[in-house]
Amino acid sequence: MSIIGVIHLPPLPGAPRHTTPMSTIVDAARQDAITLTEAGFDAIIIENFGDAPFFADNVPPATVAAMTRVIADLADATDLDLGVNVLRNDGLAALAVAAATNANFVRINVLSGSMYTDQGLITGRAAEVVRLRDQICPDVVICADVMVKHATPPAGLTLSDAASDLIERSGADAIIVSGSGTAKPTALNDVKAVAKLAGDMPVMVGSGVTNRTIASMLEVAEAVIVGTATKVDGVTTNAVDPKRATALVKAAKKES
């Protein structure tokens, strides 16, 4: 089993609400990484959470540069595996950051198919993403969301059909099942349904995991991605709370 923590970066240079100096952003991310490491997490994913409103596909070079700087620093701060998620759906940028920083995995919200989002219709670019991965960072694991949160599927698309396409046709290495939004609970039955289809492919839970649900989720899923539940006062944009993070790991291991 794997417990993956999340570092939600504040607005980065070029984002509408960017005010925090890069040195402060780096220091805060480093402290979150140290806290998650000491709490017993297995990996950390970093995302440009504060950059909303997001670009649908191609983020500006400033975003790529900022995320590369942060993650390169984190690689010196922790021995945990590191992941990259460039919101809203820039898988090519995520791979570029991963290649430059020796990160271990990327999360791509829409790898194949299409989803209706607050950025409009987003269509996956699996052909480009998988080819670029093979060219510049072949060991990086591609974790792909099925029916990603904060999005609505096209009419008639079922979870099983979307999952089957990801598993069989997208080049994904792992599948992420989530709830409807950040911190929204993921339905255990959805995780079970996707796991049944996935066979040997790892299935991950991508939102809403808490102390009360983590053990049951890890009975079915290979990994859980936990952000909000680890933060001070349970607020997504706050720093990681050492007590909350440690309690989550203990809850996972109690029944495992």
Whether any residue in segment 140-153 is within 24 Å of residue 189 (Cα to Cα), touching an Asp or Glu at 6+ places or on another chain (Cβ under 9 Å) and in contact (Cβ under 8 Å) with a residue 60 or more places away in the chain is what I want to check. yes
Can you name the number of the only condition in (1) buried (at least 22 other Cβ atoms within 10 Å of the Cβ); (2) touching a helix residue (DSSP H, G or I) at 6+ places or on another chain (Cβ under 7 Å) that residue 10 fails? (1)
Take the residues in segment 100-148 that are among the charged types (D, E, K, R) and surrounded by fewer than 21 Cβ atoms within 10 Å (Cβ to Cβ); name whichever of them is nearest to residue 86 (Cα to Cα). 125
Given the structure, is residue 153 modelled with pLDDT of 95 or more and within 21 Å of residue 217 (Cβ to Cβ)? no
Top-ranked residue of segment 56-99 - restricted to ones that are among the polar types (S, T, N, Q) and surrounded by fewer than 23 Cβ atoms within 10 Å (Cβ to Cβ), ranked as nearest to the chain's Cα centre (by Cα): 68
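The values are calculated or read from the model by the stated rules, or taken from the named source; none is laboratory data. Worth saying up front: this structure is predicted, and the values here are computed from it rather than measured. Ideal geometry is used to build each Cβ from the backbone, glycine not excepted, and the neighbour counts take in all protein chains shown.
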